[in-house]
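The structure appears right after this line, and notes come after that.
The values are calculated or read from the model by the stated rules, or taken from the named source; none is laboratory data. From a predicted model like this one, the values you see are computed outputs, not experimental measurements. Positions of Cβ are generated from backbone atoms using ideal geometry, with glycine treated the same way; all protein chains shown enter the neighbour counts.
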Amino acid sequence: MKMETKKILVIMGSPRKGSTFRACEELRGILEQEFPVEFEYLWLKDVNLQPCKGCLACFSQGEDRCPNRDDAPLIEQKMHVADGVVFATPVYGMNVSGQMKTFIDRFSYIFHRPRFFDKKALLLTTAGVLGNEDVLKYLDTVARIWGFEIAGTTGILTATPLPQYRIDENRKVIASAAGEFAAALRRPVRRSPGLYDVMIFRGQRAAFAQLEDVSPADFRYWKAKGWLDGRVKYFVDVPVNPLYHAIGMVVEWFSKREVQKDLELGPGEMS
Ligand SMILES: Cc1cc2nc3c(=O)[nH]c(=O)nc-3n(C[C@H](O)[C@H](O)[C@H](O)COP(=O)(O)O)c2cc1C
């Protein structure tokens, strides 16, 4: 039987063809042994993506109101047509690279209006010595809230001289993440959400259901998706662990009250 080609998009946060690129190439080699792969690099250093101007229009009015006229819609479209997305960045100053941060800032409306529920994400960072763990955790939060199913995380150490045992260790962690990614790409159904995912859904619903006037774009999106219907347990129709469901209900109840209180109080003096 002919295996289906998997489209992989690498969002490349490194400004050069260095360790991060080589780690992605290693990943590509492993995936190519699993199934036919279309592997595309989106080099953030080369795309036309201006820094966020901070106007908040994308959140409240919609991303089409962004004053930046650049490649953002095209980049979002590229993520939509991929089966899997690799978020790859070197660690800079204990965080993602500036290019990767600009990318995340510009697509921040997706935190409010998540959309990539049928996509798998692999997270890859490289660091000289320190920071992989924190940055992978940050990328996990971002991709998870955007809707991706996280399938593989890998932190590579690159400080020279790189002894053989470190090279072997790097290869091992890439292979392990690649295995998880490949398995997820083959799996037709999405995994059930974890507690954190359920809490995000419930917390956001508590807010956006009440924000028709303050943040109409968010309200409209959630309504159109059917997520404001109290019977809906999660963004997508997958089984939800009953305990997570119960905790989620409590979270939603408290969050709703908090938002209600703030809306009743209205803006204070500093705003
Ligand atoms: C501006 C800058 C900041 C960096 N900050 C860190 C850091 O906080 N922690 C660390 O371990 N390595 C740090 N590094 C090292 C890089 O993370 C490491 O060399 C990485 O593998 C580079 O990836 P590349 O070869 O794809 O450029 C930094 C490098 C640069 C250029």
Exercise. Kindly establish whether Val232 is in contact (Cβ under 8 Å) with a residue 40 or more places away in the chain, outside the structural domain of Val37 (by TED's automatic domain parsing), farther than 30 Å from Gly29 by Cα and surrounded by 13 or more Cβ atoms within 10 Å (Cβ to Cβ).
Key: no
Quiz item: Can you pull out the residues in segment 69-105 that are within 24 Å of Leu31 (Cα to Cα) and either outside the structural domain of Phe148 (by TED's automatic domain parsing) or more than 16 Å from the ligand (Cβ to nearest atom) (or both)?
Solution: Ile75, Glu76, Gln77, Lys78, Met79, His80, Val81, Ala82, Asp83, Gly84, Val85
Exercise. Scan segment 96-103 and give yes if some residue there is in contact with a helix residue (DSSP H, G or I) (Cβ under 8 Å, 6 or more places away or on another chain), surrounded by 20 or more Cβ atoms within 10 Å (Cβ to Cβ) and over 23 Å from Val236 (Cα atoms), otherwise no.
Key: yes
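Conditions tested, residue by residue: (1) surrounded by 18 or more Cβ atoms within 10 Å (Cβ to Cβ); (2) more than 21 Å from the chain's Cα centre (by Cα); (3) free of Cβ contacts under 8 Å to residues at least 24 places away in the same chain.
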residue: Val198; (1), (2), (3): yes, no, no
residue: Glu212; (1), (2), (3): no, yes, yes
residue: Leu228; (1), (2), (3): no, yes, yes
residue: Ile247; (1), (2), (3): no, yes, no
residue: Val250; (1), (2), (3): no, yes, yes
Practice problem: Please tell me if Arg171 is part of a helix (DSSP H, G or I) and without any contact (Cβ under 8 Å) to a residue 12 or more places away in the chain. | Solution: no
Quiz item: What number of residues in segment 12-53 are under 22 Å from Asp118 (Cβ atoms) and either loosely packed, with under 13 Cβ neighbours inside 10 Å or touching a Lys or Arg at 6+ places or on another chain (Cβ under 9 Å) (or both)?
Solution: 9
Practice problem: Could you list all residues from segment 108-122 that are part of a strand (DSSP E or B) and touching a residue at least 40 places away in the same chain (Cβ under 8 Å)? | Solution: Lys120, Leu122
Exercise. Filter segment 76-95 down to residues that are free of Cβ contacts under 8 Å to residues at least 60 places away in the same chain and buried (at least 20 other Cβ atoms within 10 Å of the Cβ), then give me how many there are.
Key: 1
Practice problem: Take segment 220-259 and flag every residue that is among the hydroxyl-bearing types (Ser, Thr, Tyr) and not in a loop (DSSP other than H, G, I, E, B). | Solution: Tyr221, Tyr244, Ser255
Quiz item: Considering only segment 154-166, how many residues are surrounded by 13 or more Cβ atoms within 10 Å (Cβ to Cβ) and either part of a helix (DSSP H, G or I) or more than 16 Å from the ligand (Cβ to nearest atom) (or both)?
Solution: 1
Quiz item: When residues of segment 124-146 are filtered for being touching a residue at least 24 places away in the same chain (Cβ under 8 Å) and either under 9 Å from the mean Cα position of the chain (by Cα) or under 14 Å from Ile110 (Cα atoms) (or both), how many remain?
Solution: 6
Quiz item: Within segment 200-210, which residues are under 10 Å from Gly248 (Cβ atoms) and surrounded by fewer than 19 Cβ atoms within 10 Å (Cβ to Cβ)?
Solution: Gly203
